[in-house]
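The structure under discussion appears below in the form of structure tokens.
The values are calculated or read from the model by the stated rules, or taken from the named source; none is laboratory data. Small disclaimer: the values here were computed from a predicted structure and weren't measured. No Cβ is skipped: glycine too gets one built from the backbone with ideal geometry, and neighbour counts run over all protein chains shown.
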Amino acid sequence: MSDTSVRPGQEHFVAPLEETPLRAVDAVDDSAPPSSQWGEAWRQLRRRPLFWVSVVLILLVVVVAAVPSLFTSTNPRFQTLADSLGDPRDGHPFGFTRLGEDVYARTIYGARASVVVGLLSTVLVTVVGGVVGAIAGYYGGIWDALLSRISDIFFAVPLVLGAIVLITSLQSRSTLTVSLVLSLFAWPQTARIMRGSVLQTRSAEFVTAARALGLSRLQVLVRHVVPNALGPVIVIATISLGTFIAAEATLSYLGVGLPSSIVSWGGDISAAQTSLRSAPQVLFWPAAALSVTVLSFIMLGDVVRDALDPKARTR
Amino acid sequence: MSPRDANQPNLSKRPDPAPAGTPLLQVEDLHVDFRSNGRDVHAVRGASLTVHAGQTVAIVGESGSGKSTTAQAVIGLLPGTGRVTSGKVLLDGRDIAHASRREFVALRGSSIGMVPQDPMSNLNPVWTVGFQVREALRANGLDKGVNAKARAAELLKEAGLGDAERRAKQFPHEFSGGMRQRALIAIGLASRPRLLIADEPTSALDVTVQRQILDHLQSLTASLGTAVLLITHDLGLAAERAEHLVVMYKGQVVESGPALEILQRPQHPYTQRLVAAAPSLASRRLESSVVRANVVRQAEHAAVEAHEVAVAESLADLPETEEATPEVIRVENLTKVFTIRGSGARGEKLRAVDDVSFAVRRGTTTAIVGESGSGKSTVAQMVLNLIPVTEGRVLFDGVDITTLDKRQAFDFRRRVQPIFQNPYASLDPTYSIFRVVEEPLRVHGIGDSTSREARVRDLLDKVALPASSMRRFPNELSGGQRQRVAIARALALHPEVVVCDEAVSALDVLVQGQILTLLNDLQAELGLTYLFITHDLAVVRQIADDVVVMQNGKVVEAAPTDRVFEAPQQDYTRALLEAIPGGSIELGA
């Protein structure tokens, strides 16, 4: 074949200019409104029905926890033995416990213990785990070796088992001590996630660029690395909030969590166990409240993860 | 069609079919849509092209032009939500645009082969290379028991791998990038397809390796009579390798025809732009609006003043400096040793930079050229004072920067600024463009918020970005725009030297040309000195005054650009020059 012969279908073709108008090289598109990464995540979230469902449920639980008296005027600790395991009736829609307490009022008042323990533990775990993970990941070397080994030690102890062992040796139990004990065994997971996330961000070119600007190592960590490494930690915090509530209920159910003077779903489930056959509704309501609350946080964590990391989205 | 004999490498040239015969591949008015955020995005809009048996056809275009999508539609591998909405893909006259999954499985490998772009991720790391070649044979029913192993080794040998039998037992991580690409070519050609789609087959490789691989691919496909559909962003490379060019822009074919004709007489304005911007075809240093000789003189003059001021101010406590020299940076016997694997004395040592010396004249551009692993970026990092020096000195204005204390190092940062390669990673995604550009001013405590905002506006104007982009975030900008933001950030502190580490390598050719022009104009306007790190000699020719060629951590050759290009002294430099794709093609008047 010679160079000059043109095969059929391969003649010199030029598209009419009006079909593909030539644009300026690399012009800035001014049509869309500015949006940050977080703004983009919010736009994603806004469109998900699951997000709104979980937000509404969580808000409801939080309001109930903050001002339970809005929802019931019955004292959850008021016992009338005549009503023991009594059926629902006017003003007492969920019936009565074995001790004759109003199940509805106890379910309402039980929210506070769960929400406080959940929030407190999450905040503690995120702060401690986040700081430890950030230092280990960013400074590396001896810091990493030391902090990672320490967190491995705590990581090796199962959350609930460790909590039971430690908590039974405590003199006084309150929402604060329960949260502290849960956090003590839960922070390594957050630390690991933060460490991995920081390791990934640390080598980005914008970090080198920041150092070349004259920022100190700490300034680079605080201003550039941590904000970019926060996404996965936020996701795990949201999800673990639910698991802390469940863990608190587990401890209370086992009788080693909150003292019986504090109304809690776990304690009520434990107490209702004895009357499961004769009056299942006594168990049902606190258990349902617990499940819905835990589920809401886990659902929220799920949609937040999708919004922050579109790659992880399930198709 | 008779089944080809798989055990016998058919190296004799098959007779060309009659010119009047049916083309091997005919794409007619192809439309491909993707669904994104509930909207249809038209990736390919009415593309048509023809490939005859045994012919090499190249699709050229920038990222987002639809060139890869077109090829993926041909082989039925459209990713995600992509689908062919209309048009025909005729293979041997049979329409396969809407072929079923089963039909495509039968076609792939045996009729259409594929060599993917990234040799690093396209081989499965848990299987040996030989196994993966045999897998390609097996998938097409050519796996003949004991013969398969020998056949796989044969195919690897054919693709240019020496010692193929031993190599076949190795894993991908034991292969270099070029060797992996050869293995992928062996897999692509394993079942003797009549059409091989090569999607940017060498864009991840060094130029000299790229040349070897393409040469080999060319002779191999010619002897097998395989037609090649080459997808590339590099017009020079396309023109050098293909008889027929198809230029795509925004999903449409804007021009197609014989390669040389298109290159020499481009008709469509986009093609004209592309030809004009192709760095491999350009032959001269970019000239700015200001005469360059003047610039250098002015810069030297300004430098002497700046030097005096600097000495009087922040650098007053520095060690005694020599007289201001025209040399702003002087690197002396610079060595960097990294410890890899293990630590302390037992660790393996790697001499990334070995006794490197060169000087950078004020107001000029010095390019450090080398392939991956040459140590060029490590030199840049040491000049930027970002990593410690193992041995040797880096003199900035006569002062050794390796001995600066904290305060002096902080002041040094104002005078030398970097621009990095990856526009997608060099800006903090959580920062608005305003904060990105303002940060250096804030860090160095320059001005109040009002004057800083005015300065940011001014800087964005300098890099030709509208002030409205201040409130935007990096993810909203294109690669070229981000790189302009990075330039604005680098210029915020009025630096004397800007270190560009592969600053244009990740950009499309037109955008690359635009950024190079911008850098050149800024140099003229502000009297900047550039240290330009790049693997691309074509870019060097456009921007550099002096060239330092590096190989394996050592300086191979250092000379003014024109001398390096016209009379290279070293074999390695010559090999690099010869490897520039399309460098030998003469352009029409």
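Residue-wise test of (1) more than 9 Å from chain A (Cβ to nearest Cβ); (2) assigned to a loop (DSSP other than H, G, I, E, B).
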residue: B:Q481; (1), (2): no, no
residue: B:R484; (1), (2): no, no
residue: B:R489; (1), (2): no, no
residue: B:L493; (1), (2): no, yes
residue: B:V499; (1), (2): no, no
residue: B:L516; (1), (2): yes, no
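Kindly indicate whether A:S197 is more than 29 Å from B:V383 (Cβ to Cβ), within 14 Å of chain B (Cβ to nearest Cβ) and of a type in the set (S, T, N, Q). Yes, satisfied. When the residues of segment B:338-363 are filtered to those that are among the β-branched types (V, I, T) and modelled with pLDDT under 90, the one that is surrounded by the fewest Cβ atoms within 10 Å (Cβ to Cβ) is B:I340.
Residues in segment B:402-421 that are under 29 Å from B:T573 (Cβ atoms) and at pLDDT 90 or above: B:V416, B:P418, B:I419.
Out of A:L85, A:L57, A:L50, one residue alone is touching a residue at least 40 places away in the same chain (Cβ under 8 Å) and part of a loop (DSSP other than H, G, I, E, B). It is A:L85. For segment B:223-239, indicate whether the set of residues that are free of Cβ contacts under 8 Å to residues at least 24 places away in the same chain and in contact with a helix residue (DSSP H, G or I) (Cβ under 7 Å, 6 or more places away or on another chain) is non-empty. No, because not a single residue in segment B:223-239 is free of Cβ contacts under 8 Å to residues at least 24 places away in the same chain and in contact with a helix residue (DSSP H, G or I) (Cβ under 7 Å, 6 or more places away or on another chain). Could you grab me the full set of residues in segment B:257-279 that are assigned to a loop (DSSP other than H, G, I, E, B) and in contact (Cβ under 8 Å) with a residue 40 or more places away in the chain? Hits for segment B:257-279 are B:R265, B:A278, B:P279.
A quick yes/no check of all residues on (1) touching a helix residue (DSSP H, G or I) at 6+ places or on another chain (Cβ under 8 Å); (2) more than 23 Å from B:L205 (Cα to Cα):
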site: B:L491; (1), (2): yes, yes
site: B:V498; (1), (2): yes, yes
site: B:L510; (1), (2): yes, no
site: B:L516; (1), (2): yes, no
site: B:N520; (1), (2): yes, yes
site: B:G527; (1), (2): yes, yes
site: B:V555; (1), (2): no, no
site: B:F565; (1), (2): yes, no
site: B:T573; (1), (2): yes, no
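Being touching a residue at least 60 places away in the same chain (Cβ under 8 Å) and of a type in the set (A, V, I, L, M) is the filter; apply it to segment B:240-255 and report the residue that is nearest to B:H216 (Cα to Cα). Here the answer is B:A242. Filtered by the rule that a residue be over 30 Å from the mean Cα position of the chain (by Cα) and part of a strand (DSSP E or B), segment B:397-419 gives B:V399, B:D400. Filtered by the rule that a residue be more than 9 Å from chain A (Cβ to nearest Cβ), within 15 Å of B:Q481 (Cβ to Cβ) and surrounded by 21 or more Cβ atoms within 10 Å (Cβ to Cβ), segment B:434-452 gives a lone residue, B:V437. Within segment B:221-265, restricting attention to residues that are surrounded by fewer than 20 Cβ atoms within 10 Å (Cβ to Cβ) and among the aliphatic types (A, V, I, L, M), the residue that is nearest to the other protein chains (Cβ to nearest Cβ) is B:L260. Here B:L531, B:L537 are screened, and the one residue that is at pLDDT 85 or above and among the hydrophobic types (A, V, I, L, M, F, W, C) is B:L531. Within segment B:565-576, residues that are β-branched (V, I, T) sit with their Cβ atoms under 8 Å from residues that are assigned to a helix (DSSP H, G or I), at 6+ positions apart or across chains, in these pairs: B:T573/B:V564.
Please verify whether segment B:107-127 includes one or more residues that are among the hydroxyl-bearing types (S, T, Y) and in a strand (DSSP E or B). No, segment B:107-127 contains no residue that is among the hydroxyl-bearing types (S, T, Y) and in a strand (DSSP E or B). None of B:A567, B:A558 is under 18 Å from B:T365 (Cβ atoms), surrounded by fewer than 22 Cβ atoms within 10 Å (Cβ to Cβ) and not basic (K, R) except B:A558. All told, B:V511 falls short of being more than 8 Å from chain A (Cβ to nearest Cβ) and crowded, with 23+ Cβ neighbours inside 10 Å. Collect the residues in segment B:128-160 that are over 18 Å from B:R192 (Cβ atoms) and in a loop (DSSP other than H, G, I, E, B), keeping them in residue-number order. Answer for segment B:128-160, where residues must be over 18 Å from B:R192 (Cβ atoms) and in a loop (DSSP other than H, G, I, E, B): B:T128, B:G145, B:V146. Looking at (1) buried (at least 17 other Cβ atoms within 10 Å of the Cβ); (2) within 22 Å of A:R202 (Cα to Cα), which is the one condition that is false for B:R415? Status for B:R415: all satisfied but (2).
Among the residues of segment A:42-59, those identified as exposed (fewer than 15 other Cβ atoms within 10 Å of the Cβ) and not β-branched (V, I, T) are A:W42, A:R43, A:R46, A:R47, A:P49, A:L50, A:W52, A:L59.
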